[in-house]
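These notes concern the structure reproduced below.
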Amino acid sequence: MKLKTLAVASTASLAALALLTASGLTLGTAAMHREVTCLFHMVREVRSITELQVNMLFHERESARVALAQHPEHARARDAAEREMKRWLEELRAHPVTAGNAHAFREAEAEVERYLAAHAQGDSAEPPSTAELAASAMEADRAYAALDRLLSAKIEESRVVRARVDRVLRLSNAMSVGAAVALLAGILATLWQISRCLYRPLLALRAAIDSYGAGSQDARAPHRGLDELREIAVAFNEMAAALAEQRRKQLGILASVAHDLRNPLAALKLTVDRLRPDRPLPPEPQLRPMLARIGKEAARCDRMLTDLMDIARMEGGELELRSEVRDARELAREVVELYRPAATAHELGLSLPEEPVLLRCDPIRIEQVLNNLVANAIKYSPGGGAVQVAVAREGAEVTIAVSDRGVGIAHEDQGRLFERYFRAPSSGRVASGVGLGLWAARRIAEAHGGRIEVTSAPGEGSTFTLHLPG
Ligand code: ADP
């Protein structure tokens, strides 16, 4: 999984959970608001009904008083009660009639209107008869009873609404708890995922880096977690493996240098032993070759150490050229003459043009390249044979080719010859080496703006050609 995918997935799932919770709570609140509004209307309706009943009782009492005493004060009180009744009836009509109480409402409305109509005939001078009084009381009772039924219907309806409110409340509570649990679970799942894919692999990577830094060469980072961390772990492990391989090769070089230095040093030691202060000096004819040998072996050690230091400097990126104009024929001749005395099993040949082949170069570096090419030509043709060095001018270029009839190089290895520490598998059996000479040679050629090319066939020999701008 990629870091971006983890971030997007965590954010999206947490946002979806939060959105669901918010929508649930909003729906719950809206339902609660609806039911509370309904209850509020019911309270007002109940109040209208009771006010109607109270005013009707008041109206009836004052009507009876008017009939008995004909007092204008009572007539005013009765009229006021009538107005109040009409007002509360209007108020009641203003509320929506629900299916549950439509019948009770229409009945109560009709009874109240009949009661009001019966008492609207005006005041008569005669006191009402007993039959009239009884009829009026019956009308009042009927209206009162109808209002009572409407009141009961309303109270019943309010019970239903209350039960609904209870349900909504329970649902809202359950939803809130569920949402809180889901959110918590979502957060915990996200944290667990972050810890599994990001935090723990990061700790493991850091532990590997720390332990590598503390000197444990075998420390490797586990391939765990996000893709990016895996890629870093792979890169770290490859780097550690490459460094380990490089270290192994460097130790090999040290061993090989120590081994190569032992021969000249042993020769030096033997010769110097014969010149110890407690022994008489040999006669001059013997002394001179001994001193020459000391000089030769010391020069050999010096050259080996200089080459090594050169390579170390080049590895550090330093390659300084001291250019001057030289004849390439001279450089080739010097190198061949250097190797001629030692290469007794080989025929060292030189092919030089008549005309000087001038080129601008650092002669010491170019000699170093030619030394390496000639030394390899001798080293990798153990059965002896011709080693040919040919100088030529080809257009704007000067070429110096070194050919041998040695073991040759397999086609698939030729592309890797100039890599650091590379040795063709077949050459290990032929001669010792560390695989740095051609790498250094190519760096020197390139620093001069040139290149080295190779043509070779296994068992037939090789030709290495140094091309330099003329
Ligand atoms: P070294 O000779 O110390 O191994 P070099 O960098 O000089 O290192 O050469 C790299 C490799 O190229 C050698 O190990 C050998 O396999 C191959 N090589 C170089 N020159 C020749 C040659 N003339 N004939 C055959 N193989 C060669």
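The values are calculated or read from the model by the stated rules, or taken from the named source; none is laboratory data. Fair warning: this is a prediction, and the values are worked out from it, not measured in the lab. No Cβ is skipped: glycine too gets one built from the backbone with ideal geometry, and neighbour counts run over all protein chains shown. Accessible surface is based on the protein model in full, side chains and every heavy atom, while ligands, DNA and RNA are left aside. Shrake-Rupley method; radii C 1.70, N 1.55, O 1.52, S 1.80 Å.
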Query raised in the report: Cβ-Cβ below 9 Å, separation at least six or inter-chain, first residue in segment 59-88 and in the same structural domain as E111 (by TED's automatic domain parsing) and open to solvent by 60 Å² or more (accessible area, probe 1.4 Å), second of a type in the set (K, R) and part of a helix (DSSP H, G or I): which pairs?
Result: R61/R78; R65/R78; H71/R65; E73/R65
Query raised in the report: If you take the residues in segment 421-470 that are surrounded by fewer than 14 Cβ atoms within 10 Å (Cβ to Cβ) and in contact (Cβ under 8 Å) with a residue 12 or more places away in the chain, which one is nearest to L359 (Cα to Cα)?
Result: P469
Report summary line: Considering only helices (runs of 4 or more DSSP H) wholly within segment 380-463, the ones with at least 3 residues that are closer than 23 Å to L331 by Cα are 437-447
Query - Selected residue [part of a loop (DSSP other than H, G, I, E, B) and either surrounded by fewer than 21 Cβ atoms within 10 Å (Cβ to Cβ) or acidic (D, E) (or both)] from E347, E367, E354, E334 - result: E354
Query raised in the report: Is it true that some residue in segment 168-179 is surrounded by 15 or more Cβ atoms within 10 Å (Cβ to Cβ), closer than 30 Å to L92 by Cβ and in contact with a helix residue (DSSP H, G or I) (Cβ under 8 Å, 6 or more places away or on another chain)?
Result: yes
Report task. Report the residue count in segment 359-386 for those that are over 13 Å from R405 (Cα atoms) and among the hydrophobic types (A, V, I, L, M, F, W, C). Result -> 8
Requested in this report: Being at pLDDT below 85, of a type outside the set (D, E, K, R) and surrounded by 13 or more Cβ atoms within 10 Å (Cβ to Cβ) narrows it down to one of H95, H103, so name that one.
Outcome: H95
Query raised in the report: Name the residues in segment 374-404 that are of a type in the set (V, I, T) and more than 10 Å from the ligand (Cβ to nearest atom), would you?
Result: V389, V391, V398, T399, I400
Report task. Would you mind telling me which numbered condition in (1) under 24 Å from R159 (Cβ atoms); (2) in contact (Cβ under 8 Å) with a residue 60 or more places away in the chain; (3) open to solvent by 70 Å² or more (accessible area, probe 1.4 Å) L20 fails? Result -> (1)
Requested in this report: Looking only at segment 405-412, decide whether some residue is within 41 Å of the chain's Cα centre (by Cα) and either crowded, with 21+ Cβ neighbours inside 10 Å or more than 7 Å from the ligand (Cβ to nearest atom) (or both).
Outcome: yes
Query raised in the report: Given the conditions (1) open to solvent by less than 100 Å² (accessible area, probe 1.4 Å); (2) among the charged types (D, E, K, R); (3) in the same structural domain as A377 (by TED's automatic domain parsing), and given that D273 satisfies all but one, which numbered condition is not satisfied?
Result: (3)
